[in-house]
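Everything on this sheet refers to the single structure shown next.
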Amino acid sequence: QVQLVESGGGLVQPGGSLRLSCAVSGSIFSIYAMGWYRQAPGKQRELVAGISSGGRTNYADSLEGRFAISRDNARNSVYLQMNSLKPEDTAVYYCNVHGRKLSDPSPTDYWGQGTQVAVSS
């Protein structure tokens, strides 16, 4: 089994900051890309940010440079620093890992359970 445990969500006022964390544990053998997605009520899940095994990052265009993704390979963890938060950032944020177990011939996607981020005054 592979487990992804997210933390760091909560309620914050507009303009505030939050830092999301996601720790991967279990029988994961190799981790390739890691990322964060979000899903707002009534909307489809969308990519927020991704980071490759080599550290290359990509972000949703709508973020305007407010978020930063990072990873700690030694801890099998990925982080999302969110600054200048806006009400439209309100969503459930999901951690995603593209990796494989030793017994798997090819990698697959693993998902966390989601953490709620609410931006409101």
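Observations
- Members of the range 100-114 found to be within 16 Å of residue 6 (Cβ to Cβ) and buried (at least 17 other Cβ atoms within 10 Å of the Cβ), listed by number: 110, 112, 114
- Looking across the range 8-34, the residues that are in a strand (DSSP E or B) and either over 20 Å from residue 50 (Cβ atoms) or over 15 Å from the mean Cα position of the chain (by Cα) (or both) come down to 10, 11, 12, 25, 26, 28, 29, 30.
- Checking each residue in the range 26-46 for being in contact with a Leu (Cβ under 8 Å, 6 or more places away or on another chain) and open to solvent by 50 Å² or more (accessible area, probe 1.4 Å) picks out 27, 29, 37.
- Given (1) open to solvent by 60 Å² or more (accessible area, probe 1.4 Å); (2) modelled with pLDDT of 95 or more; (3) farther than 21 Å from residue 120 by Cα; (4) touching a Ser or Thr at 6+ places or on another chain (Cβ under 9 Å), index of the condition residue 53 fails: (2)
- Criterion: touching a helix residue (DSSP H, G or I) at 6+ places or on another chain (Cβ under 9 Å) and either farther than 22 Å from residue 12 by Cα or among the hydroxyl-bearing types (Ser, Thr, Tyr) (or both) - qualifying residue of 103, 70, 120, 77: 120
- Test: residue in the range 59-71 that is open to solvent by less than 50 Å² (accessible area, probe 1.4 Å), at pLDDT below 95 and touching a strand residue (DSSP E or B) at 6+ places or on another chain (Cβ under 8 Å): yes
- Taking strands (runs of 3 or more DSSP E) as the structural unit, those lying wholly within the range 40-121 and holding at least 1 residues that are small (Gly, Ala, Ser) correspond to 46-51, 67-72, 77-82, 91-101, 115-119.
The values are calculated or read from the model by the stated rules, or taken from the named source; none is laboratory data. Computed from a predicted structure; not experimentally measured. Every residue, glycine among them, receives a Cβ derived from its backbone with ideal geometry; neighbour counts consider all protein chains shown. Only protein heavy atoms, including side chains, enter the accessible area calculation; ligands, DNA and RNA are left aside. Shrake-Rupley method; radii C 1.70, N 1.55, O 1.52, S 1.80 Å.
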